[in-house]
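Colleague: Okay, handing you the structure first.
The values are calculated or read from the model by the stated rules, or taken from the named source; none is laboratory data. In this text, all values refer to a predicted model and were calculated from it rather than measured experimentally. We place every Cβ from the backbone using ideal geometry, glycine too, and count neighbours over all the protein chains shown. In case anyone asks, the SASA skips ligands and DNA or RNA and just uses the protein heavy atoms, side chains included. Shrake-Rupley method; radii C 1.70, N 1.55, O 1.52, S 1.80 Å.
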Amino acid sequence: MIQAAQDAIKGKYDGIGFLHTVGAALRTKQGRIYRGINVYSIHGACAEQVALGTAMTNGEKDFECIVAVEGESGENILFPCGNCRQILSDYAPDCFVILKGKEGFFKVKAKDLLPYPYETNY
């Protein structure tokens, strides 16, 4: 998964204008992998959102694992931003997010990254 995310950003990294600095890879429960890169703008889309949107556009709805990397070669594993945490909680709550801490790699379910998600109570 990490290699797939690294492949997403390699060759597309923009270290001058910083338009594309993050790559993501999302694996479905069927084993298909969807990649995305961030699209920077005033209200740009994160790489995780692009990967998730691409998967959903292709009819996917059951997600197993996601990871985001940043850097020219994708050398750094990223924790999802607050907006991505909300979107993953909404669309893929049981999807595992690959993270890296002081003691190495670990996985956390998307819903556990956002303990108090925004919810509508109509």
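Colleague: Y118 versus H43, label points 7 Å from Cα toward the beta carbon: distance in nm?
Modeller: 1.1 nm
Colleague: Relative contact order for the chain: what is it in percent, counting Cα pairs under 8 Å that are at least 6 residues apart? Mind dumping the intermediate values first?
Modeller: Numbers: 262 pairs, mean separation 26.0, N = 122.
Worked out over the chain, it gives 21 percent.
Colleague: Turning to a different aspect of this structure: Among 79-86, 17-24, what's the highest-first ranking by average C-beta atoms within 10 angstrom per residue?
Modeller: Ranking, from highest mean packing down: 17-24, 79-86.
Colleague: Filter the DSSP H helices in the chain by two things, a Kyte-Doolittle mean of at least -0.5 and an axial alpha-carbon span of 27 angstrom or more, and list the hits by number. Let's see the in-between values first.
Modeller: On the way: long enough: none.
Flagged H segments: there are none.
Colleague: Then there's this: Could you tell me the relative contact order of region 75-122? Use alpha-carbon pairs under 8 Å, at least six residues apart, and round to a whole percent. Write down the numbers at each step before the final one.
Modeller: Numbers: 47 pairs, mean separation 17.4, N = 48.
Once normalised by length, the contact order is 36 percent.
Colleague: For L88, L78, what's the largest-to-smallest order of accessible area, 1.4 Å probe?
Modeller: L78, L88
Colleague: Hey, another quick one. Find which of A55, S41, S73 sits farthest along the positive direction of the dipole of the chain, computed with +1 on the beta-carbon of Lys and Arg, -1 on that of Asp and Glu, about the Cα centre.
Modeller: Sorting the options by dipole projection puts first A55.
Colleague: Order T28, T54, most accessible first, counting only protein heavy atoms with a 1.4 angstrom probe. Before the final figure, lay out the partial values.
Modeller: Details: T28 0, T54 55 Å².
The most accessible residue leads, giving T54, T28.
Colleague: Just need log10 I(q)/I(0) for region 65-122 at q = 0.14, 0.19, 0.25, 0.28 Å⁻¹, Debye formula, equal scatterers on the alpha-carbon atoms, no solvent, rounded to two decimals.
Modeller: -0.40, -0.68, -1.02, -1.16
Colleague: What Kirkwood hydrodynamic radius, in Å, does region 1-43 give when the mean of 1/r is taken over all pairs of distinct Cα atoms and then inverted? Present the calculation step by step, with values, prior to reporting the outcome.
Modeller: Values: mean 1/r = 0.0915 Å⁻¹.
Its Kirkwood hydrodynamic radius stands at 10.9 Å.
Colleague: Compute the orientation-averaged projected area for the chain from the convex hull of its Cα atoms and round it to one decimal in nm².
Modeller: Orientation-averaged projected area of the Cα hull: 8.4 nm².
Colleague: Under a Cβ-only charge scheme (Lys and Arg +1, Asp and Glu -1), can you give me the dipole magnitude of the chain about the Cα centre, in debye to the nearest 20?
Modeller: Roughly 180 debye, rounded to the nearest 20.
Colleague: Mind giving me the nanometre distance, one decimal, between the label points for Q30 and E72, set 7 Å out from Cα along Cα→Cβ?
Modeller: Going by the 7 Å Cα→Cβ label model, 3.8 nm.
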